[in-house]
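Right, one structure below, let's go through it.
The values are calculated or read from the model by the stated rules, or taken from the named source; none is laboratory data. It should be emphasised that the depicted structure is a prediction, and the values quoted were computed from it without experimental measurement. Here the Cβ is made from the backbone with ideal geometry for all residues, glycine too, and neighbour counts use every protein chain on show.
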Amino acid sequence: MTKIANFPPATLEWKKTNRGLHIPVPEMDEHASAPLTCYPCKAKDMQAIALPTARVPQWETRAVEKLQELLHKYRGLQVYLDICAQCGACADKCQFYLGTGDPNNMPVARANLLRKVYRYYFKRMERFAGAEAEPFNEEVLREWYTYFYQCSECRRCSVFCPYGIDTAEITMAAREIMAAIGVATKYVTEVVAKVYERGNNLGIPGPAWIDNCQFLEEELKAETGKDIRMPVDEVGADVLLVMPSADNFANTDTMMAYGKLFYALGVSWTTSTYANEGGNFGLFLNYQNMKKVNRRILDAARELKVKRVIWGECGHAWRAAIYTNTLNGPMDFLDPPHPVHICQFTADLIQRGAFKIDKTANDDVLVTYHDPCNVARAGSLLEEPRAMIRATCNKFVEMPANTIREKTFCCGAGGGLLTDELMPIRMAGGKPRAEACRATGATYLATPCAICKAQLPEVMKHWNVGVKVGGVHDLLSKAMIL
Ligand code: SF4
Ligand code: SF4
């Protein structure tokens, strides 16, 4: 098995070339310790999310059966496995390869871990013709568990592949197969179990959620002198807002910005203690849990009789939200009958002159913007956050062109990797984002994603980039005249 280089690769330097910014890949250290892996799941969490509590009997056979099932269900998966030309165009496009130098973190090599098993069982002619193939066994499972949980499912590699092969889909299939045989990570399974128990990823109980909302109302009163509400479980409100639960607890400036926004508009809104989470870690585990987590939001919307659901500042929440009609629709009891992201909602209102804004309120910072993978590449929201920043700030600078918009680098912790035991991988994977940010000289890094907001302050500190990380709505909040 390939080993991961010792961390940190402190000699990495970001170089300017005539093809944009470029990171030299670190040398692998042949004597490095064993590859980093996530802590394994606990039986109680697996039980709570309807997955096997231990490795199932005849797990090798069961895994191959699951692969066959997925090949039938997702024809794109079979196409991705069949058409790769092994050209290598994707090889240096993954932040985890750039950061670690581990060849198994090249997207093509990561995909080959599953492709070899696919060939062994389903492509015998290719196998006899000499194509690399191997049976599913303990050693292969260990490699899958390591490297499919060192992929953040960010899809950056797919932008550079001449065939559009999406390695994230291959990662998702591998994780789904592993989950079916009782193999998953503690972090991801624990988070999904918390959603079923308490309604949100952080496990905040309903009374604590309400307390936090009341505290934020007091903060808003002290700041503005106005009675700005943070409503919870209000039947008949116009809008159900499903933000990342971290906004209630950690990113409170963003949460207070939502309060100011609806106050200024005179629109009634609410959060739900049953579904107070936009994030959906089912996306990082298996289809059934993604569907079930998503369904809670529509159930809450029906229960509270709201007219519209808006998803807050979260990346993977938005990616999962886009699938809502397919997973649990139709959403025809809502207007519009499709998901709405808070940046779409706000940017549209700004354009229509709904707010009084004093841009000089943000003159103390030079702002740059990080496109979260799932907001930009997967969610097509490239212009809305930028329109918001331009409307609320005088000083805005973009990061280098080959690191933004659909080519954005992952923060290094998406896809279920935001867990302490992966810290070296997270810091290495965050290096490209840190260096692109450093190149701007910005003092405020705006991003509409709770995972990015948790990861990037650590990354910036680790790589000595002096920038504050915060939300896009936080800037509006500062500039809005109530
Ligand atoms: S999806 Fe992202 S993290 Fe996964 S291999 Fe591709 S570039 Fe790397
Ligand atoms: S760029 Fe596409 S075709 Fe080339 S190796 Fe990567 S996945 Fe395969």
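Note down all Cβ pairs under 9 Å where the first residue falls in region 74-99 and is at pLDDT 95 or above, the second is within 7 Å of ligand 2 (Cβ to nearest atom) and of a type in the set (S, T, N, Q), and they're at least six residues apart or on different chains.
Here the result reads Tyr80/Thr167; Cys90/Thr167; Cys94/Thr167, each pair linking region 74-99 to a residue that is within 7 Å of ligand 2 (Cβ to nearest atom) and of a type in the set (S, T, N, Q).
With the checklist (1) buried (at least 17 other Cβ atoms within 10 Å of the Cβ); (2) modelled with pLDDT under 60 in hand, flag the one item Ile49 doesn't pass.
If we test Ile49 against (1) buried (at least 17 other Cβ atoms within 10 Å of the Cβ); (2) modelled with pLDDT under 60, just (2) comes out false.
List, please: which pairs have Cβ atoms under 7 Å, are six or more places apart or on different chains, and start with a residue in region 37-66 that is at positive phi and end with one that is surrounded by fewer than 18 Cβ atoms within 10 Å (Cβ to Cβ) and at pLDDT below 95?
none
Mind listing whichever residues of region 95-130 are within 10 Å of ligand 2 (Cβ to nearest atom) and either surrounded by fewer than 18 Cβ atoms within 10 Å (Cβ to Cβ) or not polar (S, T, N, Q) (or both)? Full working, then the answer.
First, pick out the residues of region 95-130 that are within 10 Å of ligand 2 (Cβ to nearest atom): 106-112, 115.
Once the filter is applied, which keeps residues that are within 10 Å of ligand 2 (Cβ to nearest atom) and either surrounded by fewer than 18 Cβ atoms within 10 Å (Cβ to Cβ) or not polar (S, T, N, Q) (or both), region 95-130 yields Met106, Pro107, Val108, Ala109, Arg110, Ala111, Arg115.
Would you call Pro162 closer than 25 Å to Cys410 by Cβ and away from ligand 1 (no atom under 13 Å from the Cβ)? Give the derivation first.
Values: closer than 25 Å to Cys410 by Cβ: yes; away from ligand 1 (no atom under 13 Å from the Cβ): yes.
Taking the combined requirement at face value, the residue satisfies it.
Among the residues in region 440-451, are any more than 28 Å from Ala184 (Cβ to Cβ), small (Gly, Ala, Ser) and in a loop (DSSP other than H, G, I, E, B)?
Yes, there is a match, as at least one residue in region 440-451 is more than 28 Å from Ala184 (Cβ to Cβ), small (Gly, Ala, Ser) and in a loop (DSSP other than H, G, I, E, B).
Within region 149-165, can you find the residues that are near ligand 2 (Cβ under 9 Å from one of its atoms) and assigned to a loop (DSSP other than H, G, I, E, B)? It would help to see each step written out before you state the result.
If we filter region 149-165 for residues that are near ligand 2 (Cβ under 9 Å from one of its atoms), which is where we start, we get 157-158, 160-165.
Scanning region 149-165 gives Cys161, Pro162, Tyr163, Gly164, Ile165.
Quick check: anything in region 235-254 assigned to a helix (DSSP H, G or I), buried (at least 22 other Cβ atoms within 10 Å of the Cβ) and not polar (S, T, N, Q)?
Quick first cut of region 235-254, residues assigned to a helix (DSSP H, G or I) only: 246-249, 252-254.
Those still in the list that are buried (at least 22 other Cβ atoms within 10 Å of the Cβ) too: 246-248, 254.
Within this subset, residues satisfying the condition of being not polar (S, T, N, Q) are 246-247.
Yes, region 235-254 contains at least one residue that is assigned to a helix (DSSP H, G or I), buried (at least 22 other Cβ atoms within 10 Å of the Cβ) and not polar (S, T, N, Q).
Condition (residue is buried (at least 23 other Cβ atoms within 10 Å of the Cβ), at negative phi and not in a helix (DSSP H, G or I)) applied to region 471-481: is it met by at least one residue?
Yes, region 471-481 contains a residue that is buried (at least 23 other Cβ atoms within 10 Å of the Cβ), at negative phi and not in a helix (DSSP H, G or I).
Based on what the data block shows, is Tyr80 surrounded by 20 or more Cβ atoms within 10 Å (Cβ to Cβ) and near ligand 2 (Cβ under 10 Å from one of its atoms)? Quick ask: steps written out before the conclusion?
Working: surrounded by 20 or more Cβ atoms within 10 Å (Cβ to Cβ): yes; near ligand 2 (Cβ under 10 Å from one of its atoms): yes.
Criteria met by Tyr80.
Tell me, please, whether a residue that is in contact with a His (Cβ under 8 Å, 6 or more places away or on another chain) and in contact (Cβ under 8 Å) with a residue 24 or more places away in the chain can be found in region 258-278.
Restricting attention to region 258-278, the residues satisfying the condition of being in contact with a His (Cβ under 8 Å, 6 or more places away or on another chain) are 258, 261.
Right, trim to in contact (Cβ under 8 Å) with a residue 24 or more places away in the chain and you get 258, 261.
Taking every residue of region 258-278 in turn, at least one turns out to be in contact with a His (Cβ under 8 Å, 6 or more places away or on another chain) and in contact (Cβ under 8 Å) with a residue 24 or more places away in the chain.
Where the second residue is polar (S, T, N, Q) and not in a helix (DSSP H, G or I) and the first is in contact (Cβ under 8 Å) with a residue 40 or more places away in the chain and under 16 Å from Lys194 (Cα atoms) and lies in region 286-302, which pairs have Cβ atoms under 7 Å and are six or more apart or on separate chains?
Cβ pairs passing all conditions: Val293/Asn280.
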